[in-house]
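Structure first, commentary second.
Just so it is clear, none of the values below were taken in a lab; they were calculated from the coordinates. The shown structure was predicted, so the numbers you read here are calculated from the model rather than taken from an experiment. Here the Cβ is made from the backbone with ideal geometry for all residues, glycine too, and neighbour counts use every protein chain on show.
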There are 2 protein chains.
Amino acid sequence: MTGWLAVAGLGPGADDLVTPEVQAALAEATDIVGYIPYVARVAPRPGLRLHPSDNRVELDRARAALDMAAAGRRVVVVSSGDPGVFAMASALFEALEGAPPPDFDIRILPGITAMLAAAAALGAPLGHDFCAINLSDNLKPWALIEQRLRLAAKADFAMALYNPRSKSRPEGFARALDILREECGPDRLISFARAVSTPEQALNTVTLAEARPDMADMRSVVIVGNSATRRVGHWVYTPRSAAP
Amino acid sequence: MTGWLAVAGLGPGADDLVTPEVQAALAEATDIVGYIPYVARVAPRPGLRLHPSDNRVELDRARAALDMAAAGRRVVVVSSGDPGVFAMASALFEALEGAPPPDFDIRILPGITAMLAAAAALGAPLGHDFCAINLSDNLKPWALIEQRLRLAAKADFAMALYNPRSKSRPEGFARALDILREECGPDRLISFARAVSTPEQALNTVTLAEARPDMADMRSVVIVGNSATRRVGHWVYTPRSAAP
């Protein structure tokens, strides 16, 4: 049997946001590898082995997936959203650096990442130049996050903030909000999108003056508008032109 | 008949990157509205009216779509990639500002945007914080583009550059490359991804020293690595950790 490895994005949650490409890979797989709640999104079937693992073991998980593919298994590593955005694809290539060159096929299968599903649910807040910043300081110093927030504000980017808030560092997001208020002023719009595309979806748009840290949790992506972002009806959008 | 309007992302080109949600909307539509080459991607069927229009008439197109939905039609405005990323969703909300509040349903249906399909084909160059900048100066002054490129480089964002090169402004991308060389140095990796996911897909990764303006055309998205972006085998990826 010829093995292969695919790193696949399951999208933000809804089944009808999983691409046919990813569905086909899941249907052909012998093994599914990933973080527990993402593996739980794959329907079990006879002969399909599930390998759920805990958070923060991304490199071990990637190495195990490479070993299985080398042994002839058809392995899908599943990520939420898109595998290339703060997810498993980079971990896989990190693992590959220390491994023998693979003699099997490796594919990265894109998915709908959280910020784009959230933007669609809100309207079009990322309709002009924007950036994506992971607020977790597990893998980078907090000072760098702060610097990036300030430079992104100076560039007048709309911003998508991933992993805004975790139990292990509840104070980080409060500091991020303070920095954003300093750089962008109190009237800037900020949207909290939780569990987008699932039955628990919740959307909340306020000004930075009104924003509180507890408006975000681990299932939220946060979108900060640029200086031109505005409301129309219940929608939030950023015009295509630069701010006047 | 109750009309509705959906702005749908067709993804970068391959049929198996169109989400089931978008497929369902296309199957229920009475009218398809969009730029000529995107409307051409929708299979004709009896009773389905196609309304292709030229580039740079986005507001007129959005107004026509709103009028049709108000008249009871089921209208899908199609965009390539994701409708919220440099595409039709913002134009729709701009048109809505001058219109009576709609009494019909409006939905934005996300899609796989070009940078994420390109990143997946290349490896994982957007695996750390990144930004997306539209290099077209149709709707913003060139000085703002230049400022954003410099601030993005200072923030050490990986960058996805949309619309790098058009016939009407061939000099812009050459200037962008000069700025990137100044800010990021000659060894930074830059990837040119053309017609991703189609039979004409072409990928080319070089250093900024080697990069030439004619490596990009109107069907390209360009991805500039951050200071830690590197190659492994034929892949390009950005590690999850910040640069050392």
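Provide the gained length on full extension for the span A:E183 to A:D105, in nm with one decimal, where the gain is 0.36 nm per separating residue minus the Cα-Cα distance. Intermediate results must be reported in sequence, preceding the final value.
Numbers: separation 78, 0.36 × 78 = 28.08 nm, distance 4.63 nm.
Gain on stretching A:E183 to A:D105: 23.5 nm.
Computed log10 I(q)/I(0) for the protein assembly as shown at 0.08 Å⁻¹: -0.44, from the Debye equation with unit scatterers placed on every C-alpha and solvent omitted.
With θ taken as phi - 60° and the Karplus curve 6.51 cos²θ - 1.76 cosθ + 1.60 applied, the whole-hertz 3J(HN,Hα) list for the range B:125-136 is x, 9, x, 10, 3, 8, 9, 10, 10, 8, 7, 6 Hz, x standing for glycine and proline. Sorting A:100-110, B:165-175, B:96-106 by average packing, meaning the other beta carbons within 10 Å per residue, from highest down gives A:100-110, B:165-175, B:96-106.
Taking amide H atoms as placed 1.01 Å from N in the peptide plane, the amide H of B:V7 lies under 5 Å from those of B:V77, B:R107, B:I108, B:L109, each 5 or more residues away in sequence or on another chain.
Where does the charge balance sit around B:Y35 when Lys and Arg score +1, Asp and Glu -1, over other residues with C-beta under 11 Å from its C-beta? Intermediate results must be reported in sequence, preceding the final value.
Values: positive: B:R41, B:R56, B:R61; negative: B:D54, B:E58.
Value of the local net charge: +1.
Of all chain A residues, the one whose Cβ lies closest to the rotation axis that maps A onto B, given with that distance rounded to whole Å, is A:C131, 2. Per-residue packing, averaged as other Cβ atoms within 10 Å, sorts the ranges A:143-156, B:4-17 into the order B:4-17, A:143-156, beginning with the highest. In the protein assembly as shown, taking the dipole from charged Cβ atoms about the Cα centre, the farthest positive-side position among B:L135, B:N163, B:A40 is held by B:L135.
Can you compute the helix-only [θ] at 222 nm over chain B? Use -39500 (n - 2.57) per DSSP H run of at least 4 residues, normalise by all residues, nearest 500 deg cm²/dmol.
Values: 7 runs with 73 residues, N = 244.
My calculation for chain B gives -9000 deg cm²/dmol from helical runs alone.
Each of B:D54 and B:A70 was given a label point 7 Å from its Cα along the Cα-to-Cβ line. The distance between the two points is 2.6 nm. Counting Cβ atoms of other protein chains within 10 Å of each residue's Cβ and taking the mean over peptide B:147-155 gives 5. Simple point charges give the picture: +1 on the Cβ of Lys and Arg, -1 on the Cβ of Asp and Glu, and for the range B:34-188 a dipole about the Cα centre of about 500 debye. Taking a straight Cα-Cα cut-off under 18 Å and skipping sequence neighbours fewer than 8 places away in the same chain, the lysines within cross-link reach of A:K167 are A:K140.
For chain B, the relative contact order is 20 percent, taking Cα pairs closer than 8 Å that sit 6 or more residues apart in sequence and dividing their mean separation by the residue count. From the Cα gyration tensor of the range B:86-146, with a ≥ b ≥ c the square roots of its eigenvalues, which class applies: rounded if a/c is under 1.5, or else prolate if a/b is larger than b/c, or else oblate? Oblate, since a/c reaches 1.5 and b/c is not below a/b. Calculation over all alpha carbon pairs of the range A:4-43 in 10 angstrom steps from 0 returns a P(r) of 27, 66, 7 percent.
Counting only Cβ charges, +1 for Lys and Arg and -1 for Asp and Glu, the dipole size of the range B:49-135 around its Cα centre is about 300 debye.
What is the dipole size for the protein assembly as shown, taken about its Cα centre, with +1 at each Lys and Arg Cβ and -1 at each Asp and Glu Cβ, in debye to the nearest 20?
Working: 50 positive and 54 negative charges, 31 e Å.
With Lys and Arg at +1 and Asp and Glu at -1, about 140 debye.
Ranking of B:S197, A:S136 by neighbouring Cβ atoms within 10 Å, starting from the fewest: A:S136, B:S197.
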